[in-house]
Amino acid sequence: MQAVLGIDIGGTSIKAGLFSPEGELLEERKIPTPALVNAEAFAIVTDGLTHLLAAHDNTPEDVIACGLDIPGPVADDGKVGFLPNIQLDPDGLVAAINTAFPNAAIAFVNDANAAALGELWAGVAHGVSSFVLIALGTGVGAGVVVNGRLVAGAFGAGGEIGHITVNPNETETCGCGRHGCLEQYASAKGVVRLYLEECERRGVTPVHVEHATDTLSVFRALAKGDECAKIAVDQMCEYLAQAMSQVSCVVDPAMYLIGGGVAGSFATFAPELRRRFQAHALPTCKDVAIEAASLGNQAAMYGCAYEALELRKRSQAGK
């Protein structure tokens, strides 16, 4: 029986999904790993995947596609760029997977791009040919799909909407080294910063915030009528709507999906985000659907499996 693997690569583990070629998730399994930089570490991955297959009466030869998503840029040609948050030898890992699963097409995908493809394959964007998934988490990223195909970009920067400039007067420096990027306002860290700054400006005591990305406390404060929390979330929506209106002028998607950790509170801020988007958008784009993503933290795992399947199909068509 043919099998497809989707592998979400993290710093200390991988999350592996075993799929049917039709997109049914048969099992998800977490496999602890050391840094993926040598043969011993690669063997832990391939052995874990082989045991996952065996649990479903599959052999390594049954694997026809294997996708891997990573937190970093991946160009159109599949070349992996700089990986600041994980230790990974991509070429070594590919070689090990090729040896272990000789019939598998292998694809690397940026994690936000993979999440978009997951929604296309098995989520709320199924059947939608052009859409943008915006991941609001520790940072802000996006996956752009046009005519059913992912737009990764020549250098892997396709969808890096977190670094669209929305406030050129900002004095704080973004992680990218520039100023006034969307990520500084719409990420989890950005929302918390906006809230604490507003509290300081007004001379009021903020609610207890556990850490720099604790948006849950901010949204709880908003639900209780905290005016500083309202202003922070309104600012987030304003800057996000500005960026989305610019994206629409370039891509003109049929739908925006909001994912990532901040999206857990989507129902709270969705009406304000839609209102502000309509105020900023080009008239022909203003009625685009803005919805919550549906696959949660499994989306990237689905998406990289899908991209590997599509790579296999393109390879076979070119024969």
(request) Read through the labelled values (1) 22.4; (2) 20.4; (3) 30.7 and report the label of the one computed as Kirkwood radius over Cα pairs in Å from the structure. (result) (2)
(request) With θ set to phi - 60°, apply the Karplus curve 6.51 cos²θ - 1.76 cosθ + 1.60 along the range 233-244 and write out the HN-Hα couplings as whole Hz, x wherever there is a Gly or Pro. (result) 5, 4, 5, 4, 5, 4, 5, 5, 5, 4, 5, 4
(request) Find the centroid of the Cα atoms in the range 232-273 and in the range 10-39, then give the distance between the two in whole Å. (result) 30 Å
(request) Add +1 for every Lys or Arg and -1 for every Asp or Glu among the other residues with Cβ under 15 Å from the Cβ of Gln235, and state the total. (result) -4
(request) Mind checking the full-extension length gain between Cys249 and Ala154? Use 0.36 nm per residue of separation minus the Cα-Cα distance, one decimal, nm. (result) 32.2 nm
(message) Modelling each spin label as a point 7 Å along the Cα-to-Cβ direction, I'd like the Thr171/Thr59 distance in nm, to one decimal.
(response) 6.8 nm
(message) Beyond a 31 Å Cα-Cα separation, which of these cross-linked pairs lie in this structure: Lys189/Lys224; Lys30/Lys189; Lys79/Lys230; Lys79/Lys313; Lys230/Lys286?
(response) Lys79/Lys230
(message) Of the candidates Val124, Val80, Val204, which one comes out as most mobile in a Gaussian network treatment of the chain with C-alpha springs shorter than 10 Å?
(response) Val204
(request) May I ask for the angle, rounded to the nearest 10°, between helix 188-202 and the longest principal axis of the chain, with both axes built from Cα atoms and the value confined to 0 to 90°? (result) 10 degrees
(message) For the chain, what does the helix formula give at 222 nm: sum of -39500 (n - 2.57) over DSSP H segments with n ≥ 4, over the residue count, nearest 500 deg cm²/dmol?
(response) -12500 deg cm²/dmol
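Under a Cβ-only charge scheme (Lys and Arg +1, Asp and Glu -1), can you give me the dipole magnitude of the chain about the Cα centre, in debye to the nearest 20?
Working: 21 positive and 36 negative charges, 120 e Å.
Dipole magnitude for the chain comes out near 580 debye.
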(request) Please report, in Å, the Rg and the Dmax of the range 47-131, where both are computed over Cα atoms only. (result) 14.6, 38
(request) Rounded to the nearest 10 degrees, what's the angle between the helix 39-54 long axis and the longest principal axis of the chain, both from Cα atoms, 0 to 90? (result) 80 degrees
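I need the calculated FRET efficiency for the pair Ala212 and Thr12, taking r as the beta carbon distance and R₀ as 30 Å, to the nearest 0.05. Spell out each step's value before the answer.
Numbers: r = 21 Å, r/R0 = 0.69.
For Ala212 and Thr12, the calculated efficiency is 0.90.
Counting DSSP beta bridges with both partners in the chain, what percentage is antiparallel, nearest 5?
Working: 24 of 46 bridges.
Looking only at bridges with both residues in the chain, the antiparallel portion is about 50 percent.
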(request) Rank Gly141, Gly159, Gly225 by mean-square fluctuation in a GNM of the chain with C-alpha springs under 10 angstrom and give only the top-ranked residue. (result) Gly225
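Throughout, read-outs are computed from the coordinates displayed, never taken from laboratory work. Owing to the predicted nature of the structure, the values given are computational and were not obtained by experimental measurement. Every residue, glycine as well, gets a Cβ built from its backbone with ideal geometry; the counts of neighbours run over all protein chains shown.
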